[in-house]
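Student: Input: one structure, supplied below.
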Amino acid sequence: MSKWYETAAFYHIYPLGMSGAPRRNTEPGIQHRFPKLETWLPHIRKLGCEAIYIGPLFESTSHGYDTIDYKLVDRRLGDNEDFVHFVKAAHELGQKIVVDGVFNHTGREFPGFADIQKNRENSRYCGWYKGINFGWNSAYNDGFGYETWRGCGDLVNLNLQNQEVKNYLFEVIRFWIHEFDIDGIRLDCADCLDFEFMKEMRRMTENEKKDFWLMGEVIHGDYSRWANPEMLHSVTNYELSKGLYSGHNDHNYFEIAHTICRQFDENGGIYRDRVLYSFLDNHDVSRIVNKLNNRQHLIPAYGLVYTLPGLPSIYYGSEWGVEGRKEEGDDALRPCLDPDELEKNPPVPGLAEWIAFLGKCRMENPVLAEGRYRELLLTNRQYAFARLNESEAVVTAVNNDDQDADLWIRLPMAAEKLTDLKTEEALEAENGQLHILVPANGCRLIRLN
């Protein structure tokens, strides 16, 4: 039987933006915004999302990735008890909770770094950070230099080869598991993390909680270096994410099919034994509605995210077609939203209902998550494939053309019954082929059993 993190659809939220918290952590006292976040849970469940990735949410100076205290929920969101209640409410709806683990760096206000600022060479925390050099200076005129994440002076790189640092972070994770009952961690900047640190983390979390999931943010490279039996269960599939929008913009389904064949083909895909994290957008990139040249391509694009190999993820608001461009800054990607208003007046009518249908299909047809991948038809503008096992299959057919497509698709297996999952219409096989009309810029799912 598959584990939850091998089949779940995810909903991704950026809590500081979603709740309308100020960008800088300067509000006096604790502001209880978690009840506002909780109001989203029924909507998330209605979409068919069985897991929520929420991050970052621990005490920080500004955007959440400049951590001050790993054991306190950011006061702009609430207190620890608020988050305990949020997790419990999600669990009661059958939703798993995955949090951001920002372990590559801390903020400058983290107590260890503040101790170095105060005590310099005499600080016991000098070994906690990379590149501490009292012969240099920093942009903040600290009187010493230090390594940062990609030149961002407010993000100070931790030394994850230091056993004291590792012990501290592992104790933090145990605290999260026991205090909040979380179900997994998304590792920020996983492609920067020390491999031995991740191996020790994997062993530790498996001992702490059964079916605890580790997923890493990785952009480039061989994903199997991080996603393997010793380290992480999954990583972000940026390679596929890029193909999903450019393959539509260029009317080039060969790009998407080549990526999937290389990654997941049943006879030689390099990641066929792994389940990667699929997405069309997130808190760091432009919204998919702004990346596509033709908004009608949202239908086939989401159809692919939900039916190709991988764990589908929806970034909050994108199910309604909310806009956000990276060139306008991070705040444009992380807005405060009112779900009730968006349900009444969605920017892209019908999109949320389509995604909810896809979520329902995935929950009712486990072969969509667990089945082998097999390509059936491929042109620049049409693409069909199956997810199949020994007794059943679901065929996905997408069309990026502005005209309806009349397709003959070879069946991947003998089938007594063919059913359109959207219309519930019974179909007939013709000489081992499926003959269907795929609407312009559309997607159809056909179940075979």
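Each value in this text was obtained by applying a stated rule to the coordinates, not by laboratory testing. No experiment lies behind these values; they were computed from the predicted model shown. Methodologically, a virtual Cβ is constructed for each residue, glycine included, from the backbone with ideal geometry; neighbour enumeration extends over all protein chains shown.
Student: Choose one answer from 266, 370, 341: the residue with the largest mean-square fluctuation in a GNM of the chain with alpha-carbon springs under 10 Å.
Tutor: Residue with maximal mean-square fluctuation among 266, 370, 341: 341.
Student: Please order 37, 377 by the number of other Cβ within 10 Å, starting at the fewest.
Tutor: So the ranking, lowest neighbour count to highest, is 377, 37.
Student: At a 4.7 angstrom Cβ threshold, list every cysteine in the chain that has nobody to pair with, or say none.
Tutor: Cysteines lacking a close Cβ partner in the chain: 49, 126, 152, 261, 336, 361, 443.
Student: Hey, got a sec? Which GluC sites (Glu not before Pro) in region 77-157 land in a DSSP loop and have at most 14 other Cβ atoms within 10 Å?
Tutor: Filter output for region 77-157: empty list.
Student: Specify whether the C-alpha gyration tensor of region 154-230 places it in the rounded, prolate or oblate class, a ≥ b ≥ c being the square roots of the eigenvalues: rounded for a/c under 1.5, otherwise prolate if a/b is larger than b/c and oblate if not.
Tutor: It is oblate, given that a/c is not under 1.5 and a/b is not larger than b/c.
Student: Now for a different question. What is the dipole size for region 291-426, taken about its Cα centre, with +1 at each Lys and Arg Cβ and -1 at each Asp and Glu Cβ, in debye to the nearest 20?
Tutor: 500
Student: Among 403, 148, 298, whose Cα sits farthest toward the positive end of the charge dipole of the chain (+1 at Cβ of Lys/Arg, -1 at Cβ of Asp/Glu, about the Cα centre)?
Tutor: Comparing the listed Cα positions along the dipole, 148 ranks first.
Student: Under a straight-distance cross-link criterion of Cα-Cα below 25 Å, which lysines are reachable from residue 46, leaving out those fewer than 8 residues away in the same chain?
Tutor: 3, 36, 88, 96, 344, 360, 422
Student: How would 340, 191 line up from fewest to most surrounding beta-carbon atoms within 10 angstrom?
Tutor: So the ranking, lowest neighbour count to highest, is 340, 191.
Student: Does region 371-448 classify as rounded, prolate or oblate by the C-alpha gyration tensor (a ≥ b ≥ c root eigenvalues; a/c under 1.5 gives rounded; else a/b over b/c gives prolate, otherwise oblate)?
Tutor: prolate
Student: At residue 208 and residue 428, where each label point lies 7 Å from the Cα along Cα→Cβ, what is the point-to-point distance in nanometres?
Tutor: Rounded to a tenth, the inter-label distance reads 6.0 nm.
Student: Sticking with this one: Work out the length of the dipole vector of the chain about its Cα centre, built from +1 on the beta-carbon of each Lys and Arg and -1 on the beta-carbon of each Asp and Glu, and round it to the nearest 20 debye.
Tutor: 380
Student: If you build a Gaussian network model of the chain, linking Cα atoms that sit under 10 Å apart, which residue out of 383, 238, 125 swings the most?
Tutor: Its mean-square fluctuation being the largest, the pick is 125.
Student: For region 59-124, which trypsin sites (Lys or Arg not before Pro) are in a loop by DSSP, counting at most 14 other Cβ atoms within 10 Å?
Tutor: Counting only loop positions with at most 14 other Cβ atoms within 10 Å, the trypsin sites (Lys or Arg not before Pro) in region 59-124 are 124.
Student: Can you put 297, 283 in order of Cβ neighbours within 10 angstrom, beginning with the fewest?
Tutor: Fewest to most other Cβ atoms nearby, the residues stand as 283, 297.
Student: Calculate I(q)/I(0) for region 294-439 by the Debye formula, one identical point scatterer on each C-alpha and no solvent, and give its log10 at q = 0.11, 0.15 Å⁻¹ to two decimals.
Tutor: For the requested q values the scattering log ratios are -0.49, -0.85.
Student: Let me ask something additional. GluC sites (Glu not before Pro) within region 192-242: which are DSSP loop residues with at most 13 other Cβ atoms inside 10 Å?
Tutor: Passing both the DSSP loop test and the Cβ count: 230.
Student: Select from 282, 80, 141 the residue whose mean-square fluctuation is largest in a Gaussian network model of the chain (Cα-Cα springs shorter than 10 Å).
Tutor: Fluctuation is largest for 141.
Student: Net charge near residue 54: determine it from the other residues with C-beta under 10 Å of the C-beta of residue 54, scoring Lys and Arg +1 and Asp and Glu -1.
Tutor: Net local charge, residue 54 excluded: 0.
Student: Looking at 314, 414, 78, which one has the Cα that reaches farthest to the positive end of the dipole of the chain (charges on Cβ: Lys, Arg +1; Asp, Glu -1)?
Tutor: With unit charges placed on the Cβ atoms, the residue in question is 78.
Student: Once Lys and Arg get +1 and Asp and Glu get -1 on their Cβ, which of 366, 56, 201 lies farthest toward the positive end of the dipole of the chain?
Tutor: The Cα lying farthest towards the positive end belongs to 201.
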